[in-house]
Amino acid sequence: MPGSIRIGELQNKNFDVVIVGGGTSGLTLAAKLSEDPDIHVLVLDAGDVSENDPKILLPAQYGVHFGQEAYDWSFQTTPQKFSNGAQILWSRGKVLGGSSATNFFIWTKPPADDIDDWERLGNPGWNWKNLQKHMHELEGYQMPSAKSAAAHGLNFDDWHIGKNGPIKLMHSANMAKSQLSAYESCLKLGIPKAPAPMDGDPTGFYFCPLSFDPETYQRSYATTAFYFPNKERPNFSVLTGAHVTKLVTKSIDGTLRAEGVEFIHGGKQHVVKVGQEVVLCAGAPKSPQLLELSGIGHKEVLKSIGVPVKLELPGVGENAQEHMHCEVSFELRDGVDDISLDVLRGAGPGVLEEQMKLFETRDGPFTVGVGSLFFVPLEHFSDRAEEIYAAARKQIAAEWGAYPEGLRDQFNIQMERFEKRSLLGELSFIPGFLDGPNPPMPGKKYFTVACLLNHNFSRGTVHSTSSDPTKDPDFDPHAFEHDIDLQTLVELIKFARKVCSTPPLSDMLGPETNPGVEVETDTQLEEWIKGNLSATFHTVGTLSMLPREKGGVVDTQLRVYGTSNIRVADLSVAPLHVAAHTQCVAYGIGAQAAEVIKGSLGPAM
């Protein structure tokens with residue numbers, strides 16, 4: 001049966017490729033592989049299809065939930081443990097389509113150098129040229145009207161974006177005046193316009209495309225792009241509600257082979273046979289857990305959870321990198337006439353009905369995106385850049401002997417990026433309240449600046465704490481073990497305040513809500529950041545594509561070292577983080593993985 005398959009239909013059925021996780025990368029990979037009618041693909045996903053769910057499809061759902069601790073209608077949340085004992089939540093989409101169904105719609109691409117650095121770390125073929133080819137083919141961008149292009153400051157002579165792909169993209173129908181004013185204020189402060197944001201150089205301010213379908217103005221995500229259009233293929237099957245627990249493996253001449261995939265469905269345990277390949281696409285927090293539960297990982301971790309060692313691979317769950325962030329927020333002045341997401345916060349049925357009527361005419365807050373942002377090097381937002389760089393070099397030199405060889409290679413590249421003026425920081429401008437700890441006041445409108453760290457030096461871990469597959473792994477980002485990460489966020493907050501005090505944006509803003517005027521000195525900002533840090537859910541690196549002797553888990557064919565048919569194709573393989581929101585990169589990895597795997601499969605089962 002094509003498309004959604006029933007559990008009973010799996011008995012005695014062979015699949016060439018079993019994909020664990022029907023998220024951003026997983027569905028991309030499945031759709032690409034099943035273009036060949038001789039390749040039979042099964043996707044196992046723990047979530048539901050959730051077709052026609054307005055909480056997924058309708059833009060600005062984050063606006064409805066501003067001020068709440070979590071909006072977990074389709075998320076799983078895991079406490080992230082910081083080295084100082086603090087915890088935050090790490091959310092991801094537990095639904096077919098994964099986090100592409102729950103993200104902020106943002107479509108940004110990294111600098112070309114950031115991807116080329118993957119190749120420099122020992123991964124031939126994993127470079128900007130190849131990944132950009134795949135990302136470009138997936139893009140289905142619709143050109144805006146001349147009026148919209150002018151409002152967004154767009155010059156399409158400098159853009160290189162695909163227009164015929166399955167991921168529908170557009171610029172938001174409306175822009176808040178506050179976002180446009182932020183753009184003007186940033187230009188006054190010397191932030192340049194990004195010269196080629198979709199083609200390898202996003203340095204500066206731009207209004208990014210959003211993953212909205214211009215025909216319906218609903219979310220375009222992995223499910224609408226890759227599952228619905230292809231579900232009638234007889235060689236493309238998806239089983240939802242399937243919580244994978246481990247891989248069933250067998251050692252053959254010293255090499256581990258996956259014979260099956262064990263999962264829970266309907267409260268019962270099942271095993272599906274693996275014909276040729278199994279590919280983990282469960283995301284950077286979950287894919288390493290599945291390897292560990294299958295006996296693949298660091299022997300001490302496996303011993304601690306009581307799982308027999310099938311294959312010792314110490315890099316599993318290491319090298320975790322996350323875009324950490326915190327926010328600065330201001331009230332809008334009374335009387336400022338501007339579109340704001342705050343009208344959706346805690347709105348009752350009557351208000352939502354009124355806003356939905358506006359949405360039907362492509363007006364109101366449901367048509368406003370959060371894609372106004374800039375990516376810049378430290379020099380653009382801090383006069384302390386050289387001081388901070390020097391301190392980072394000094395710390396790394398002092399600790400050099402304690403670093404494994406693979407991490408030394410990464411740090412050498414990251415220190416080279418100082419000279420290249422890589423894009424260490426991001427500010428994202430949001431027409432509404434999105435932060436804490438000071439709560440929003442009823443009836444007030446707000447403006448938020450998210451301050452994001454792109455190239456963090458601190459490396460975290462993701463490890464299982466139990467052999468129970470229903471228990472989430474422990475994620476410790478080891479935040480601020482390298483002081484450059486903390487100092488970069490301090491400087492971003494100071495610059496965000498500077499932007500907000502510069503006309504024309506300052507003319508719209510009232511008092512600061514967070515951090516608050518009482519948080520003023522660098523020391524006070526450091527302490528405030530440590531207590532109010534959040535994750536962007538852009539985690540990478542936990543199954544890094546690196547040489548095995550340098551802490552790698554997968555090779556350039558995405559095959560797990562020491563195995564014959566276990567691969568990984570999600571953000572966990574990215575060995576070094578990038579200056580971009582990761583939706584586009586996750587799709588690109590799935591597409592490039594399909595090209596790699598197609599070239600190595602044997603005859604169909």
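The values are calculated or read from the model by the stated rules, or taken from the named source; none is laboratory data. Everything numeric here is computed off the predicted structure, so don't read it as measured data. All Cβ positions, even for glycine, are placed from backbone atoms using ideal geometry, and neighbour counts span all protein chains on display. Calculation scope for accessible area: heavy atoms of the full protein, side chains included, ligands and nucleic acids excluded. Shrake-Rupley method; radii C 1.70, N 1.55, O 1.52, S 1.80 Å.
Within the assembled protein chains, the solvent-accessible surface assigned to Trp528 is about 30 Å², based on a 1.4 Å probe.
Legend: Rg and Dmax of the stretch 238-277, from Cα coordinates, 11.5, 37 Å. Under a no-solvent Debye model with one identical scatterer per Cα of the stretch 538-598, what's log10 I(q)/I(0) at q = 0.26, 0.30 Å⁻¹? Per q value, in the given order, log10 I(q)/I(0) is -1.10, -1.30.
Here the stretch 330-466 is assigned +1 on the Cβ of each Lys and Arg and -1 on the Cβ of each Asp and Glu. Its dipole about the Cα centre then comes out at about 320 debye.
Per atom type, the stretch 461-597 shows carbon and sulfur on 49% of its accessible surface, probed at 1.4 Å. When +1 charges are put on Lys and Arg Cβ atoms and -1 charges on Asp and Glu Cβ atoms, the dipole computed for the chain relative to its Cα centre reaches about 1220 debye. Pairs of Lys residues in the stretch 429-522 are counted when their Cα atoms are under 29 angstrom apart and they lie 8 or more places apart or on different chains; the count is 4.
Using only the C-alpha atoms, the convex hull of the stretch 277-380 corresponds to 272 Å³ per residue. Report the FRET efficiency, 1/(1 + (r/R0)^6), for Thr255 and Glu595, where r is their Cβ-Cβ distance and R0 is 25 Å, rounded to 0.05. That pair, Thr255 with Glu595, gives E of 0.55. What the stretch 446-507 shows is 26 Å² of accessible area per residue, with the surface traced by a 1.4 Å probe over protein heavy atoms.
Counting only residues at least eight positions apart within a chain, or on another chain, the aspartates and glutamates with an alpha carbon under 16 Å from that of Lys133 are Asp113, Asp114, Asp116, Glu119, Asp199, Asp201, Glu595. Label point of Ala402 set 7 angstrom out along Cα-Cβ; within the stretch 298-322, amide nitrogens under 18 Å from it belong to 318-320.
For the stretch 384-400, 3J(HN,Hα) computed residue by residue from phi via the Karplus equation (6.51, -1.76, 1.60; θ = phi - 60°) reads 9, 3, 5, 4, 5, 4, 4, 5, 5, 4, 5, 5, 5, 4, 5, 9, 3 Hz, glycine and proline entered as x. Over the chain, DSSP H runs of length four or greater, each weighted -39,500 (n - 2.57), average out per residue to a 222 nm ellipticity of -8000 deg cm²/dmol.
Divided by 2.2 N^0.38 Å, where N counts the residues, the Cα radius of gyration of the chain comes to 0.93. Figure legend: label point modelled 7 angstrom from the Cα of Asn438 along Cα→Cβ; residues of the stretch 485-515 with amide N under 12 Å from it are 510-515.
Here the calculated FRET efficiency for Lys420 and Asp337, from their Cβ-Cβ distance with R0 = 41 Å, stands at 0.40, rounded to the nearest 0.05.
Counted over the chain, the DSSP beta bridges are approximately 70% antiparallel.
With the charge dipole of the stretch 215-322 set up from +1 on Lys and Arg Cβ and -1 on Asp and Glu Cβ about the Cα centre, the Cα lying farthest toward the positive end among the listed residues Val238, Asn319, Val278 is that of Val238.
The accessible area of Phe228, taken with all protein chains in place and a 1.4 Å probe, comes to roughly 60 Å². Annotation note: GluC sites (Glu not before Pro) in the stretch 508-547 located in DSSP loop regions with a Cβ neighbour count of at most 16 within 10 Å are Glu518, Glu520.
Summary of the geometry: the stretch 561-605 and the stretch 495-519, compared by the centres of their Cα atoms, lie 43 Å apart.
Would you please state the base-10 log of I(q)/I(0) at q = 0.15, 0.16, 0.26 1/Å for the stretch 168-218, with intensities from the Debye formula using one equal scatterer on every alpha carbon? The computed values of log10 I(q)/I(0) come out as -0.51, -0.57, -1.00. For the stretch 210-318, DSSP calls about 90 percent of its internal beta bridges antiparallel. Net charge dipole, the stretch 189-293: roughly 340 debye, given to the nearest 20, about the Cα centre with Cβ charges of +1 for Lys and Arg and -1 for Asp and Glu. Taking 18 Å as the cut-off for C-alpha to C-alpha distance, list the pairs among Lys310/Lys598; Lys32/Lys246; Lys109/Lys193; Lys13/Lys273; Lys420/Lys550; Lys94/Lys357 that go past it. From the list (Lys310/Lys598; Lys32/Lys246; Lys109/Lys193; Lys13/Lys273; Lys420/Lys550; Lys94/Lys357), the Cα-Cα distance tops 18 Å for Lys310/Lys598; Lys32/Lys246; Lys420/Lys550; Lys94/Lys357.
Each residue, Gln11 and Glu386, gets one label point 7 Å from its Cα in the Cβ direction; the gap between the two is 7.5 nm. Overall size of the stretch 330-377 from C-alpha positions, given as principal axis extents largest first: 45, 26, 19 Å. Rg and Dmax of the stretch 95-140, based on Cα coordinates, read 13.1, 35 Å.
Computed from the Cβ-Cβ distance with R0 of 22 Å, the FRET efficiency linking Asp48 to Thr470 stands at 0.85. Listed by chain and number, the aspartates and glutamates whose C-alpha is less than 20 Å from the C-alpha of Lys250, apart from same-chain residues fewer than 8 away, are Asp16, Glu259, Glu262, Glu277, Glu292, Glu312. Counting protein heavy atoms only, the stretch 222-359 has 51 percent of its accessible area on carbon and sulfur, 1.4 angstrom probe. A cut-off of 5 Å between modelled amide H atoms, ignoring neighbours fewer than 5 places along the same chain, links Lys445 with Leu332.
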